[in-house]
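The values are calculated or read from the model by the stated rules, or taken from the named source; none is laboratory data. For clarity, every value in this text was computed on a predicted model and none was experimentally measured. As a convention, Cβ positions derive from the backbone with ideal geometry for all residues, glycine included, and neighbour counts pool all protein chains shown.
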Amino acid sequence: MNKFKLNPAEKYVFIMGAGASKDDNLPIQDEILKNILKSEFAFKNQKGLHKKEYKKVSNEIKKLLKTIFTGNKAIEDITLEGIFNILETAITKNQNIGNIQTEKVKKYYDTLLEGIMFATLTDATLKEHSIFNRKSQSPYTIIGRKIYEGCKNQNNVNLSFITFNYDICLDRVLLSMYDEDEDKSYDVDFGIELGNYEQENWFHRPRKRKIDLLRPHGSINWLFCKSCGKVFSKISKQGKPLELVNGCKCYNCGLSSIEPYIVHPTNNRIYENKYIMQIWNKAETILQEADHWCFIGYSLPEADRYFSYLLSRIYNFRKAKSVKNNRLPRVSVVNINKYMNKHNDILQQIKSCHNGQCSNIQEIEEYFQHLQKGRDVFSKFGVYFDNIEKYECSFKEFALKYFEVS
């Protein structure tokens with residue numbers, strides 16, 4: 001695999017999926033529900049105040065699944081999308097689910113959001129995600145340090161991140177680049193006007209040197225006020241689970257409790273919040289202008305159909321020969337591609353057991369091809385984009401071995 005060299009003369013956008021946070025011991029989406037049911041979460045504290053709330057959430061979701069699904073249904077066959085689709089539809093139609101009354105459905109809905117929040121809180125200290133910590137093993141920190149050191153003498157850096165993860169590992173790394181001297185600092189631009197900017201002792205509005213960090217699905221540490229409409233981020237110090245769940249009064253108006261806001265996983269996601277819409281609009285502009293799109297730990301999931309549509313529309317617009325000075329972006333994909341590799345390993349084991357003499361080997365190969373359909377990440381990207389550059393490795397390996405700043 002070739003080196004990925006960041007050229008200061010070009011514009012880059014990195015699109016991050018759940019696989020990017022795997023090396024930080026955070027679950028991918030398929031694992032979140034399992035962790036909720038097992039009450040296994042990364043975030044802990046010495047007093048153990050989280051345990052009671054974790055157990056409560058876990059028990060409530062177990063009760064929900066036992067009620068709406070058949071008792072012998074394997075957990076592997078139940079997805080977060082499937083649960084949210086049922087709950088959301090019942091709430092929208094104001095209907096019960098069997099003997100589960102509408103109000104109880106709403107409570108289950110909120111409890112499931114709590115579970116996602118707990119599952120994606122990191123137990124790592126702020127130091128682990130500081131670019132000045134050379135001992136850090138987080139790939140976010142490794143790549144952040146290379147960017148900071150390689151670009152520190154530039155007037156600006158043409159670099160943006162779009163992340164679909166709820167965790168805050170990347171946010172912490174980018175915020176660690178802050179310096180009171182704006183000529184030495186790289187500030188984070190979240191693409192929206194945060195209520196933090198009007199409060200004392202919170203981080204500032206982005207100044208002249210900035211890096212875009214867009215969150216189209218929100219964040220576990222974003223808090224919204226339903227009265228004044230302000231959004232706050234508690235990113236500078238990770239909010240404690242109970243603090244986020246119990247809420248606190250709005251820092252701006254004091255009229256309502258501010259609540260976490262994430263766009264939960266469903267097959268019919270609705271982006272109606274005005275801040276989320278602003279982020280999507282900015283993401284579209286960034287994708288239109290970037291010279292290089294780099295996908296890390298992202299696999300074009302079916303539930304992200306709007307983003308797939310957006311990528312396809314922008315790519316094909318840029319592909320049109322009639323557009324003056326048009327140029328296609330280079331596309332790189334960083335992914336372990338674990339499902340494809342696992343299937344290939346098993347198939348090779350079957351072949352080796354029979355020394356290639358198995359009379360049913362063609363039928364077996366066809367079956368494995370059927371299993372692999374839609375799971376080969378690189379093939380999925382190849383459907384949308386020409387000449388993708390493949391990095392079949394983890395984010396950490398990519399950060400250590402392949403990522404460089406010219």
TODO: Mind listing whichever residues of segment 183-204 are small (Gly, Ala, Ser), assigned to a loop (DSSP other than H, G, I, E, B) and closer than 16 Å to PHE224 by Cα?
DONE: GLY191
- [ ] Spot the failing condition for LYS5; the list is (1) loosely packed, with under 13 Cβ neighbours inside 10 Å; (2) modelled with pLDDT under 85, and only one is missed.
- [x] (2)
TODO: From (1) closer than 30 Å to SER406 by Cα; (2) part of a loop (DSSP other than H, G, I, E, B), pick out the condition that doesn't hold for LEU121.
DONE: (1)
Open item on the list: Among the residues that make up segment 115-128, is at least one of them touching a Cys at 6+ places or on another chain (Cβ under 8 Å) and surrounded by 17 or more Cβ atoms within 10 Å (Cβ to Cβ)?
Closed with: yes
Open item on the list: Quick check on segment 263-277. Is at least one of its residues modelled with pLDDT of 65 or more, in a strand (DSSP E or B) and under 20 Å from ILE116 (Cβ atoms)?
Closed with: no
- [ ] Examine segment 185-204 for a residue that is over 28 Å from LYS274 (Cα atoms) and in contact with a helix residue (DSSP H, G or I) (Cβ under 9 Å, 6 or more places away or on another chain), and state whether such a residue exists.
- [x] no
- [ ] Give the residue, chosen from LYS135, LYS107, LYS146, LYS127, that is over 24 Å from SER394 (Cβ atoms) and among the charged types (D, E, K, R).
- [x] LYS107
Open item on the list: Can you tell me which residue is farthest from GLY144 (Cα to Cα) among those in segment 157-180 that are in a strand (DSSP E or B) and among the hydroxyl-bearing types (Ser, Thr, Tyr)?
Closed with: THR163
- [ ] Quickly run through segment 183-232 and pick out the residues that are of a type in the set (Ser, Thr, Tyr) and over 18 Å from TRP280 (Cα atoms).
- [x] SER185, TYR186, TYR197, SER227
Task: Extreme residue, surrounded by the fewest Cβ atoms within 10 Å (Cβ to Cβ), among residues of segment 148-202 that are modelled with pLDDT of 90 or more and β-branched (Val, Ile, Thr) - done: ILE192
Task: Filter pass, ASP167 being charged (D, E, K, R) and free of Cβ contacts under 8 Å to residues at least 40 places away in the same chain - done: no
Task: Per-region count, segment 165-194, residues of a type in the set (A, V, I, L, M, F, W, C) and under 16 Å from the mean Cα position of the chain (by Cα) - done: 6
TODO: Out of the residues in segment 27-41 that are in a loop (DSSP other than H, G, I, E, B) and under 16 Å from LYS55 (Cβ atoms), state the one that is modelled with the highest pLDDT.
DONE: SER39
Task: Matching residues in segment 95-147 - criterion: being among the acidic types (Asp, Glu), at pLDDT below 90 and closer than 22 Å to GLU81 by Cα - done: ASP110, GLU114
